[in-house]
Amino acid sequence: MQGHGCYSRQVCGLAEGWIVIFVRRYLCRDCGHTMSRLPDWLHPWRWYAAAVIVEALYRHLILGETARAIGMLFGRRGDATEWRSLRRWRAQLLVSPTLWGWLRLRLGIRKRAENREQGRGHLWRLLGEMGMAAKPVEKVFPELTGAVRASLRGLVHNRRDAWPVTRFRPGTASGSDSGSKPMALPTEKDSGRGPPG
């Protein structure tokens, strides 16, 4: 492995609002694949920090806040009455490899959350995994960022799966994706279109 430059990404963090971060990229000299080392507070291919996603879902599914109010809290325009990301996150939580999908089997999740009730159940399971389910609301938000970061620490991702860095990739004899054609990820060339509206 050798350093292979950096690329920039726009991300919405909790306190900082929209920021630009630089992500270090590496090149495997044997197979030609590039890979990036994301911070432990960010999922691959997501605009919003992982703690933003969990807090937004908590506010929406558990506290019953409106999508408009939650969106304004995270820097969206005040005239937006709906936030499609909330529905997408609810459906993909514990199913998508970029939203804690690697926990799905262990937590007994078989399919996407089709409605708010199922989404609430999935979120409670994730919060339980993080040790946050039994916490009162006044303690959830101050401790959420640390719990989310701990849930993402030491993971390796590709487009289909995530696994601990200390373990070989599932289904392979070695930790390499060698033999497959290198894929150019959208964030490798540029940060894509602007932040979601």
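Derivation of every value follows stated rules applied to the coordinates shown; laboratory data play no part. Since the structure is predicted, the reported quantities are computational estimates derived from the model, not experimental observations. Note that we place each Cβ from the backbone using ideal geometry, even for glycine, and neighbour counts take in every protein chain shown.
Close amide H pairs (under 5 Å, H built 1.01 Å from N) link TYR48 with CYS12, residues at least 5 positions away or on another chain. Quick one: grab the alpha carbon gyration tensor of segment 11-136, order the square roots of its eigenvalues as a ≥ b ≥ c, and give me rounded if a/c is under 1.5, else prolate or oblate depending on whether a/b is larger than b/c. Judged from the Cα gyration tensor, segment 11-136 comes out oblate (a/c at least 1.5, b/c at or above a/b). Model label points for GLU65 and GLU143, set 7 angstrom from Cα along the Cα-to-Cβ axis, are 1.9 nm apart. Model label sites at VAL20 and TRP124, defined 7 Å from Cα along the beta-carbon direction, differ in position by 4.4 nm.
Here's how it looks for VAL156: its modeled amide H is under 5 Å from those of TRP163, VAL165, which are all 5 or more places away or on a different chain. For segment 30-118, trypsin sites (Lys or Arg not before Pro) are listed when DSSP marks them as loop and at most 14 other Cβ atoms sit within 10 Å of their Cβ; the list is ARG77, ARG106, ARG110, LYS111.
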